[in-house]
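Asker: Next up is a structure, given as structure tokens.
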Amino acid sequence: MGWIKQIITTSIGKKSVMAVTGTGLIIFLFFHLVGNSMIFLGRDMFNAYAENLHRLDFAVKVFEIGLLILFLIHILFATLLFIENLGSRPQRYAVKKDTRRTWGSKTMPYTGATILVFLVVHLINFHFTDSNLTLSELVRSVLTQPYYAALYIICLLALALHISHGIWSLCQTLGINQPKYNKLLESGARSLSIAVGAVFILIPLLALFYSNFLL
Amino acid sequence: MKLINLIVKVWRQENETSSGSFQTLKSGPISTDMSFLEMLDVLNEKLAKVGKEPIAFDHDCREGICGMCGAVVNGHAHGPENETTLCQLHMRHFNDGDTLVIEPFRARAFKVVKDLVVDRSALDSIIAEGGYVSVNTGGAPDGNAVPIPQDTAEQALDASACIGCGACVAACPNASAMLFVGAKVSQYALLPQGQPESARRALDMVRKMDESGFGNCGNERECEAACPKGISIRNIARLNREFIKAAIISYEK
Amino acid sequence: MKLDAKIPEGPLTEKWDRHRFNSKLVNPANKRKYDIIVVGTGLAGASAAASLAELGYNVKSFCIQDSPRRAHSIAAQGGINAAKNYQNDGDSIFRLFYDTIKGGDFRAREANVYRLAQISNNIIDQCVAQGVPFAREYGGQLANRSFGGAQVSRTFYARGQTGQQLLLGAYGALMRQVKEGKVTLYPRREMMELVVIDGSAKGIVTRNLLNGQLETYAAHAVVLATGGYGNVYFLSTNAMASNVTATWRAHKQGACFANPCFVQIHPTCIPVHGDYQSKLTLMSESLRNDGRVWVPHNADDKRDPSQIPEAERDYYLEKKYPSFGNLVPRDVASRNAKEQCDAGKGVGETGLAVYLDFAEAIQRDGESVISQKYGNLFQMYEKITGQDPMHVPMKIYPAVHYTMGGLWVDYNLMTTVPGLFALGEANFSDHGANRLGASALMQGLADGYFVIPATIAGYLAETDMDRPDTDSPEFKEAEQKTEAKITRLLSINGKRTIDDFHRELGLLMWDSCGMARNEQGLQDALKKLPGIKEEFWNNVLVPGTGEQLNQSLERAGRVADFIEFSELMVLDALDRKESCGCHLREESQTEENEALRDDKNYSYVSVWDYGGENKKPTLHKENLVFENVQLSQRSYK
């Protein structure tokens, strides 16, 4: 299996790993989004969704481990690429202007790091908690606290920014670039990241400003 | 024709090992019809006349095709004009009183040799790994033996228009050479003549690119914006495809 | 000295075959025992180095740029000719041969030109196999266009980048051999001296441009593919580093120089706009298909072109050549433009330009049709001049473009120094007194890919296999000579810059030894040149030191050689008292002021033998024999 090592240590190999794991994470994000959207259907629907999900105990465990591996690989390779790229231009330019970089692409490592912090907080809040509250109560208990809500909003903005470049970028890395579809691909990626950001951010916003949220 | 006066802040560096610094010069009256390099010529004549050493810069054809010239002007590789090499940039795009900051192309893989002159031999060594079709002279079949669709030939030409100037590397936030490699790999990936070696070519050229100290592509698109020949990052996507295909499907290692 | 062109016996069509059969071969196992130096990496140099290495020779390849891919062949736009007859329009090897001989005004060798036409077809095949993306028809077949007045479509092209694409093909082949270890690359090296041992070329001295080190390299044979000398005129369409140094220094070591006064001048270049200008840019001649050339009727008319009424415009080409009009050949168009400007009717700030006006064509066909035809050329013009030819008449002026003269070579491309070969523009062999459009690329690649690999074996097979040694006194002497010259240049510390001298030289040569020459002007130039040389060596200012990258020093060396070489050009022009090919000798005109060739007295190649420092060179003549073509005079009335 030496060839695998050989391939993933090349620059394109590393980028492809980022793209593949990124794809996995975005798929997860999509399902997470759909799941979380249950919140808008009211407390009971939301709690029922959570309970039904947890009934698939074994599958959830497997899924979680898979997800953890994806995250770890994505983070490991990102760090590796970040450190390598730092060394690629030892002497910086005195003046350098950007032309086609976007806020998304420029901030990838930083939004990535923000997402990592968010992940830890998010897991502590909702996963590694031994409270007996129902999920809806848990959400309320966390997100009605202004500091948490603000943190969630900022981190979710970072997430939206991250995938705004990430989705298009992973296609490019995997070789998907065809003039006929590029416009569609770009606007699709942009819309998706806006949708993801908007829906997720709506939750802390509601928690913060709608006092009857999940009651 | 108009005359303008400029303040020129130019990078001066004695040799590869010395540390350089900016030198600030007054251009004196510069005709707006001059090319950027002619402006440097005028500065150099002035420097020489007062016994100072002229600014070293690479240049040759001065018609935008040899790829020898290049510097970063006010933060843009080859200056602010689109699809224009430094030698084809004209002074009419600047205004009286402007300050020009001129720096060499910077990358770990491109050492500064002197002032604005950099060593781009890393690009040649990547080509040596497979930027060709391995066919000896003599014995080639008739030129029309293998038809090539017009569109394919045009796309191959879009890619092979690369002049190897290194502006893509200079402009890339990560000093990556993916556009350069992508353009060459694409040319042969598109043409039937390039097929037999396509897997080997993609693997070897990418390996050499990594060894040479270039950074990783971040899909930031700065390279295609700086490219004086307008080469699209579509070619990078094609390189990625070729590489992944070679790595996973082919028998090559 | 006896010149032997070594033209093979037999009918024209069989000479090359017979020659290859009769030549000695080098045993495949022995090829690796021979070292060959190739100087220059343009089409001729890169293709030669690659092909020789493929055969098994050890090749050392030198170039002046930082990469072999940047040689000036890259700037050729138009295309490459081949006698494929893909268009079924009556082309043949013989027709390409005939067109080339006739285009060269019957001053080239039949056997060489025929071989060139034969090989032209192999070149296209070879380049296609290398993955050169030539233009294609919808059906996938190679596309052709007609070029340079040819009546058949035989030019293969890749947009306006044919030279670039062909060079990148040759460069790829070269880099493949670098990878194989058969070629060692020496970039950023300038050849300073040829080393001749016991009468044969055995090596070179180079200067490493990065650190100023002089280096010596020995080999069994030396191949020069160092291009032309158009930069003698200071302003030309050549790249800035193109120079005569390598061929000139070889000439001083015994290689005879042929036809140095044959220079091609291209009529449609973007004119000079100031004395700071460093180079001229060529635009395709196709512009003359729709543009009308004119100047104001009256000298010193400084009005804006839009203010000059129709009646006060002089469409001098249409008036003088009613049947060909604006489409007269390059030399006629160039000469007439210069005549108008010399008469004070030139336009623009410098007065060195004529108008090329598209107004009528735009009125006739509409802007969109004209833009479709010439859009990219108009853009290029606007990029450089800031004016849009759709609304303001274009300004054009002739510029030096290509030099037909070069080192004299025999049929094997060997110079008069055994073991020294010259290829491409560096030799004189195929274009006579004028080169056809799209033929330079053809010749460079023919020499490199197909001729030299076959002919060099004949020489090597008769050469001692022992590797020459750079420790020998000849190498040391050559190195010291170079060293002394560099030291002297750096120690002058005078008042005038190098470009200043170069400009003065260029102007003198342009005026006296350009497209029209006369006895008086040439004699005057001959008197002035020693003065320029004298002042150069006493008053030039070369800043910096010799132990580092010093671009001023590089230029100083080249200009010094241009000054010496100019004298030879003028001598050659003086000797040739006929009008021929690219230029008019004013004493030799028809009653209608057209060029008059003199086949009776000048049907020869002028071959100049170096006489020594400050001595007159000796002229040898290689008489040209035409057995397969009928000599004819041109007429464009």
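Asker: Inside region C:255-358, counting only strands (runs of 3 or more DSSP E) that do not spill past its ends, which hold 2 or more residues that are farther than 30 Å from C:GLU567 by Cβ, open to solvent by less than 10 Å² (accessible area, probe 1.4 Å) and not basic (Lys, Arg)?
Answerer: Strands (runs of 3 or more DSSP E) meeting the threshold: C:292-296, C:354-357.
Asker: For the structure I just gave you, tell me whether C:ALA484 is in a helix (DSSP H, G or I) and open to solvent by 30 Å² or more (accessible area, probe 1.4 Å).
Answerer: Answer is yes for this residue.
Asker: Residues that are more than 7 Å from chain C (Cβ to nearest Cβ), among the aliphatic types (A, V, I, L, M) and over 20 Å from C:ARG188 (Cβ atoms): does region B:130-141 have at least one?
Answerer: Step one: of region B:130-141, the residues more than 7 Å from chain C (Cβ to nearest Cβ) are B:130, B:138-139.
Next, from what is left, pick out any that are among the aliphatic types (A, V, I, L, M): none.
No, region B:130-141 has no match at all.
Asker: Among the residues of region B:16-48 satisfying the criterion of being over 20 Å from B:MET68 (Cβ atoms), within 10 Å of chain C (Cβ to nearest Cβ) and not in a strand (DSSP E or B), which is most open to solvent (accessible area, probe 1.4 Å)? Quick ask: steps written out before the conclusion?
Answerer: Keep residues of region B:16-48 that are over 20 Å from B:MET68 (Cβ atoms), which gives B:17-33, B:45-48.
Adding the requirement that they be within 10 Å of chain C (Cβ to nearest Cβ) leaves B:30-33, B:45-48.
Applying the additional criterion that residues be not in a strand (DSSP E or B) yields B:32-33, B:45-48.
On the way: B:THR32: 13, B:ASP33: 27, B:GLU45: 41, B:LYS46: 91, B:LEU47: 14, B:ALA48: 9 Å².
Selected residue: B:LYS46.
Asker: Sort through C:GLY10, C:GLY90 and tell me the only one that's more than 14 Å from chain B (Cβ to nearest Cβ), over 27 Å from C:SER286 (Cα atoms) and surrounded by fewer than 22 Cβ atoms within 10 Å (Cβ to Cβ).
Answerer: From the options C:GLY10, C:GLY90, the qualifying one is C:GLY10.
Asker: Tell me, yes or no, whether region C:459-475 has at least one residue that is of a type in the set (Asp, Glu), part of a loop (DSSP other than H, G, I, E, B) and crowded, with 19+ Cβ neighbours inside 10 Å.
Answerer: No, region C:459-475 contains no residue that is of a type in the set (Asp, Glu), part of a loop (DSSP other than H, G, I, E, B) and crowded, with 19+ Cβ neighbours inside 10 Å.
Asker: B:ALA225 fails exactly one of the following numbered conditions: (1) more than 7 Å from every other protein chain (Cβ to nearest Cβ); (2) among the hydrophobic types (A, V, I, L, M, F, W, C); (3) surrounded by fewer than 22 Cβ atoms within 10 Å (Cβ to Cβ); (4) closer than 30 Å to B:VAL118 by Cβ. What is the number of that condition?
Answerer: (1) is the only condition that B:ALA225 fails.
Asker: Residue by residue through region B:231-243, note down the ones that are of a type outside the set (A, V, I, L, M, F, W, C), out of contact with any Gly (no Cβ under 7 Å at 6 or more places or on another chain) and closer than 11 Å to B:ALA183 by Cα. Step through it out loud before you land on a result.
Answerer: At the first step, the residues of region B:231-243 found to be of a type outside the set (A, V, I, L, M, F, W, C) are B:232, B:234-235, B:238, B:240-242.
Going one step further and asking which of them are out of contact with any Gly (no Cβ under 7 Å at 6 or more places or on another chain), we end up with B:232, B:234, B:242.
Hits for region B:231-243 are B:SER232, B:ARG234.
Asker: Scan region A:76-116 for residues that are open to solvent by 30 Å² or more (accessible area, probe 1.4 Å), among the small types (Gly, Ala, Ser) and assigned to a loop (DSSP other than H, G, I, E, B) and report the count.
Answerer: Qualifying residue count, region A:76-116: 1.
Asker: Is it fair to say A:HIS162 is within 14 Å of chain B (Cβ to nearest Cβ) and not aromatic (Phe, Trp, Tyr)? Walk me through it before giving the result.
Answerer: Details: within 14 Å of chain B (Cβ to nearest Cβ): yes; not aromatic (Phe, Trp, Tyr): yes.
Criteria met by A:HIS162.
Asker: Which residues, taken from region B:194-216, are open to solvent by 20 Å² or more (accessible area, probe 1.4 Å) and either within 8 Å of another protein chain (Cβ to nearest Cβ) or charged (D, E, K, R) (or both)?
Answerer: B:GLU197, B:ARG200, B:ASP204, B:ARG207, B:LYS208, B:ASP210, B:GLU211
Asker: Now, a different point. Return the total of residues in region C:435-458 being crowded, with 24+ Cβ neighbours inside 10 Å and not hydrophobic (A, V, I, L, M, F, W, C).
Answerer: Count: 7.
Asker: Within region C:145-168, track down each residue that is of a type outside the set (S, T, N, Q) and farther than 12 Å from B:ALA161 by Cβ.
Answerer: Listed by number, the residues that qualify are C:ARG145, C:PHE147, C:GLY148, C:GLY149, C:ALA150, C:VAL152, C:ARG154, C:PHE156, C:TYR157, C:GLY163, C:LEU166, C:LEU167.
Asker: Now for a different question. Give region C:477-534 a look and list any residue that's touching a residue at least 12 places away in the same chain (Cβ under 8 Å), of a type in the set (Gly, Ala, Ser) and more than 23 Å from C:GLN264 (Cα to Cα), or say none.
Answerer: Within region C:477-534, C:ALA478, C:GLY494 meet the criteria.
Asker: Going through region C:415-454 one residue at a time, which ones are of a type in the set (S, T, N, Q), closer than 19 Å to C:HIS220 by Cα and in contact with a helix residue (DSSP H, G or I) (Cβ under 8 Å, 6 or more places away or on another chain)?
Answerer: The answer is C:THR415, and nothing else.
Asker: Then there is this: In region B:166-177, what residues are of a type in the set (A, V, I, L, M, F, W, C) and open to solvent by 10 Å² or more (accessible area, probe 1.4 Å)?
Answerer: Passing the criteria: B:CYS168, B:CYS172.
Asker: Report the residue count in region C:509-525 for those that are in a helix (DSSP H, G or I) and open to solvent by 30 Å² or more (accessible area, probe 1.4 Å).
Answerer: 6
Asker: Now for a separate question. When both residues are 6+ apart or on different chains and their Cβ atoms are under 7 Å apart, which pairs have a first residue that lies in region A:72-90 and is free of Cβ contacts under 8 Å to residues at least 40 places away in the same chain, and a second that is open to solvent by 40 Å² or more (accessible area, probe 1.4 Å) and part of a helix (DSSP H, G or I)?
Answerer: Within 7 Å, the pairs are A:PHE82/A:PRO109.
Asker: Kindly provide the set of residues from region C:359-374 that are under 32 Å from the mean Cα position of the chain (by Cα) and open to solvent by less than 20 Å² (accessible area, probe 1.4 Å), ordered by number.
Answerer: Selection gives C:ILE370, C:TYR374.
Asker: Just one of A:ILE8, A:ILE12, A:ILE4, A:ILE39 is buried (at least 19 other Cβ atoms within 10 Å of the Cβ), of a type outside the set (Gly, Ala, Ser) and within 14 Å of chain B (Cβ to nearest Cβ); which is it?
Answerer: Numbers: A:ILE8 fails: buried (at least 19 other Cβ atoms within 10 Å of the Cβ); A:ILE4 fails: buried (at least 19 other Cβ atoms within 10 Å of the Cβ); A:ILE39 fails: within 14 Å of chain B (Cβ to nearest Cβ).
So the residue among A:ILE8, A:ILE12, A:ILE4, A:ILE39 that is buried (at least 19 other Cβ atoms within 10 Å of the Cβ), of a type outside the set (Gly, Ala, Ser) and within 14 Å of chain B (Cβ to nearest Cβ) is A:ILE12.
Asker: Which condition number does C:THR403 fail, the rest of (1) touching a residue at least 24 places away in the same chain (Cβ under 8 Å); (2) within 30 Å of B:LEU43 (Cα to Cα); (3) hydroxyl-bearing (Ser, Thr, Tyr) being met?
Answerer: Against the list (1) touching a residue at least 24 places away in the same chain (Cβ under 8 Å); (2) within 30 Å of B:LEU43 (Cα to Cα); (3) hydroxyl-bearing (Ser, Thr, Tyr), C:THR403 comes up short only on (2).
Asker: Follow-up question, since we're still on this one. Just need a number here: residues in region C:570-623 that are touching a Pro at 6+ places or on another chain (Cβ under 7 Å) and open to solvent by less than 10 Å² (accessible area, probe 1.4 Å).
Answerer: 1
Asker: Can you pull out the residues in region C:151-161 that are among the basic types (Lys, Arg) and open to solvent by less than 10 Å² (accessible area, probe 1.4 Å)?
Answerer: C:ARG154
Asker: Return a yes/no flag: does region B:55-63 have any residue that is open to solvent by less than 10 Å² (accessible area, probe 1.4 Å) and within 14 Å of chain A (Cβ to nearest Cβ).
Answerer: No: zero hits.
Asker: Let me ask another. Given the condition closer than 30 Å to B:GLY75 by Cβ and in contact with a Lys or Arg (Cβ under 6 Å, 6 or more places away or on another chain), answer yes or no: does some residue in region B:195-215 qualify?
Answerer: Yes, some residue in region B:195-215 is closer than 30 Å to B:GLY75 by Cβ and in contact with a Lys or Arg (Cβ under 6 Å, 6 or more places away or on another chain).
Asker: Something else about it: Considering only residues that are part of a helix (DSSP H, G or I) and within 14 Å of chain B (Cβ to nearest Cβ), look in region C:535-558 and name the one that is most open to solvent (accessible area, probe 1.4 Å).
Answerer: Among those residues, the one meeting the criterion is C:ARG555.
Asker: For the list (1) in a loop (DSSP other than H, G, I, E, B); (2) buried (at least 21 other Cβ atoms within 10 Å of the Cβ), I need the number of the one condition that C:CYS127 fails.
Answerer: For C:CYS127, the failing item is (1).
Asker: Which pairs turn up if I take residues in region B:1-12 that are aromatic (Phe, Trp, Tyr) and look for partners that are surrounded by fewer than 20 Cβ atoms within 10 Å (Cβ to Cβ) and in a strand (DSSP E or B) with beta carbon separation below 7 Å, at least 6 apart in sequence or on another chain?
Answerer: From residues that are aromatic (Phe, Trp, Tyr), the pairs are B:TRP11/B:PHE22.
Asker: Out of everything in region C:76-87 that is at negative phi, within 12 Å of chain B (Cβ to nearest Cβ) and modelled with pLDDT of 95 or more, what residue ends up being surrounded by the fewest Cβ atoms within 10 Å (Cβ to Cβ)?
Answerer: C:GLN87
The values are calculated or read from the model by the stated rules, or taken from the named source; none is laboratory data. Worth saying up front: this structure is predicted, and the values here are computed from it rather than measured. Counting neighbours? That spans all protein chains shown, and the Cβs are built from the backbone with ideal geometry, glycine included. Please note that ligands, DNA and RNA were not included when accessible areas were found on the heavy atoms of the full protein model with its side chains. Shrake-Rupley method; radii C 1.70, N 1.55, O 1.52, S 1.80 Å.
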